[in-house]
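Report on one structure; see the data block that follows.
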Amino acid sequence: MTEEQAALDAVAAMPDSEIDTSEMPEVTDWSGAVRGGLYCPVKRLTSLRLDADVLEWFKRGGEGYQTRINAALREYVERTSAEVTRHPNPRPVKLSRHSL
């Protein structure tokens, strides 16, 4: 363990009330703050069969189509996560193109 890591671990173990922040300037303007800006989810390589027209629609947007597919799937998961929480063992549902 490096000296720097040891110092960081020591500060992490301290209660907040014991950490001296007197030399740290107070932040009063949060207008440029970004929530979750450092969040980097773990990516996993997988194979996925998609309808040809759906894949072509995303590819027409150019480079980054896989990122856009991931964003669309994430949005769907976030919108439906409350439903899954209410029904932990949901029946499989066949989705139409218009339900997404």
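A short reminder: the numbers here are calculations on the coordinates, not readings from a lab. As the structure is a prediction and not an experimental result, all values here were calculated from the model. Here the Cβ is made from the backbone with ideal geometry for all residues, glycine too, and neighbour counts use every protein chain on show.
Let me know the shape class of the range 48-88, please: from the alpha-carbon gyration tensor, a ≥ b ≥ c as square roots of the eigenvalues, rounded when a/c is under 1.5, otherwise prolate if a/b is greater than b/c, or oblate.
Prolate.
Only counting other Cβ atoms within 10 Å, I'd like LEU45, LEU55 sorted with the fewest neighbours first.
LEU45, LEU55
Sum up the charges of everything whose Cβ sits under 13 Å from the Cβ of GLY62, counting Lys and Arg as +1 and Asp and Glu as -1, but leave GLY62 out.
Net local charge, GLY62 excluded: +1.
How do LYS59, LYS43 rank when sorted from fewest to most other Cβ atoms within 10 Å of their own Cβ?
LYS43, LYS59
With only Lys, Arg, Asp and Glu charged, each at its Cβ (+1 for the first two, -1 for the last two), find how big the charge dipole of the range 48-88 is about the Cα centre; round to the nearest 20 debye.
Value, rounded to 20: 80 debye.
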